[in-house]
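Okay, structure first, notes after.
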Amino acid sequence: MSIGYNHLVTRVRPGAIAHNYKVMNALGGNGCAVIKSDAYGHGLAVAAEALAGAGARTVAVGTVGEALDLGRTSFTGRVIALLGPQLPEDYEAAARKGIVCFCARREQLEKLSEAGVRAGRRVPVALKFDTGMRRLGFPPEEAGRVLEKVLGLPGVEAVMAASHLAVADDPDQDAFVREQGARFAAAVSVLRAGGLRVEATLANSAAIVAYPELRLDMQRPGIALYGADPFWGTAAQGRGPALEPAMEVLTRVYQVHDLRQGETISYGRTFTAGRDMRVAIIGAGYADAWSRGLSNRGLVLLHGLRAPVVGRVCMQMTAVDVTDVPQARAGDRVWLLGGPGENSIRSEELAQWWGTISYEVLCLLGLNRREYILDSPGENE
Ligand SMILES: *Cc1c(COP(=O)(O)O)cnc(C)c1O
């Protein structure tokens, strides 16, 4: 999958993902690695392989289709489909492959059971409860009826109970997190009192760090595996363990030239040089999923220094101010994300300039042509 037709490349370090998994698992103890959406843009198969090498026995993808893709790789562990079966063909496939499906409504349980009976097995399911996110899930108050339902179905076996937290990354909203935790605990006890031996799973990356009491039987780290701090920009920033970024994005300088005081640059003439300056035209634009919202806002890294975007980000080109980077030349490497040295650009910073979160930055930049770097410093740990 690749959207870029210019010189930009996304580099991924599987060793960093493996390292981060071990660091997070040192806290939680039983991490199901979340690799949905092509492992947050890092590549499903490579991420799964790295995680398996780091000891992950369970991974979670989004769709059943993604779980099937994973089945065609070398990964042999347990696979969870967080979105559960949604398309008619998902049921048969999940039953055939034994994919652990999140189920959030009765019809999913019934159809999976039918498919399980046809496949001659009990399909493992995770009962998903909506404890406050108000997206998918059974109401926790209905746990008793869900229990009865599932016990009456011959083709499914409830192996997990799950819910998802809305604000674990916001230190100002811990009351709501605890409320969700309490609602989930109540649902799980009903299931267990009725004889279901379910693993309880609630915590995402932020909760694994901030709410030890919510780590329960299995944790679901996502963003932390890719080296981003879920608390970035809050009072709890830096609270988690040290993680290694797993993605960098780089391109080339096409041309360097003067921009005279009073001249404007790029479409719309949104930037006027307030002094004589030098600009570099770099091979990156919104067609590379490097947002046009970074116009006059973003920074890039070259020669170890940060250079600000001047004017509008174009489709495949952007101008940056290199007045203070006199060594800049055509052909130089430029990092949009990551890069060597202390000025390395973090996904969280890029997200801030872009007006979004690190998750979106990684998912989108990961759509570009990817290369894998196998000599990560974290790899041998
Ligand atoms: C994406 C996702 C996670 C991981 O969340 P992070 O904040 O990336 O750690 C966990 N559980 C579910 C259901 C998810 O969809």
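Some observations on this one:
- Reachable lysines, given that their alpha-carbon falls under 20 Å from the alpha-carbon of K111 and they are not under 8 places away in the same chain: K97, K128, K149
- Charge-dipole axis of the chain as Lys and Arg at +1 and Asp and Glu at -1 on Cβ define it, positive-most pick from A16, L83, W354: L83
- Most mobile listed residue (E248, E92, E348) in the chain, GNM with C-alpha springs under 10 Å: E92
- Relative contact order of the range 247-372, pairs being alpha-carbon contacts under 8 Å that are 6 or more residues apart, as %: 28
- DSSP-assigned coil residues among trypsin sites (Lys or Arg not before Pro) in the range 183-249, each with at most 10 further Cβ atoms within 10 Å: R197
- Of the GluC sites (Glu not before Pro) in the range 127-207, not one is in a loop by DSSP (not H, G, I, E or B) with at most 13 other beta carbons within 10 Å.
- Choice from Q180, Q237, Q219 with maximal GNM fluctuation in the chain (Cα, 10 Å cutoff): Q237
- Amide hydrogen neighbours beyond the local backbone of A161, cut-off 5 Å, H modeled: L127, E199, A200, T201
- Coupling constants for the range 113-127 follow from the phi torsions by the Karplus curve (6.51 cos²θ - 1.76 cosθ + 1.60, θ = phi - 60°), and in residue order they are 4, 4, 5, x, 4, 4, 7, x, 8, 8, 7, x, 10, 10, 7 Hz; glycine and proline get x.
- Spin-label pair Q86-R192: with each label point 7 Å from Cα along the Cα-Cβ axis, the two points sit 3.2 nm from one another.
- Listed residues G98, G262, G233, most fluctuating in the chain (Gaussian network, C-alpha, under 10 Å): G262
- Amide H contacts of V156: V123, each under 5 Å away and 5 or more positions distant or on a separate chain (H built 1.01 Å from N in the peptide plane; Pro and chain starts excluded).
- The calculated 222 nm mean residue ellipticity attributable to helices in the chain amounts to -9000 deg cm²/dmol, summing -39500 (n - 2.57) over DSSP H runs of n ≥ 4 and dividing by all residues.
- Cα centroid separation - the range 11-56 against the range 323-380, whole Å: 19
- Dipole magnitude of the chain about its Cα centre (Cβ charges: Lys, Arg +1; Asp, Glu -1), debye to nearest 20: 580
- The residues of the range 138-259 present an accessible area of 40 Å² per residue when probed at 1.4 Å with all protein chains retained.
- D69-A175 pseudo-label distance in nm [points 7 Å out on the Cα-to-Cβ vector]: 4.2
The values are calculated or read from the model by the stated rules, or taken from the named source; none is laboratory data. Quick caveat, the model's predicted, so the values are computed rather than measured. All Cβ positions, glycine included, derive from the backbone under ideal geometry; neighbour counts span all protein chains shown. Accessible surface is based on the protein model in full, side chains and every heavy atom, while ligands, DNA and RNA are left aside. Shrake-Rupley method; radii C 1.70, N 1.55, O 1.52, S 1.80 Å.
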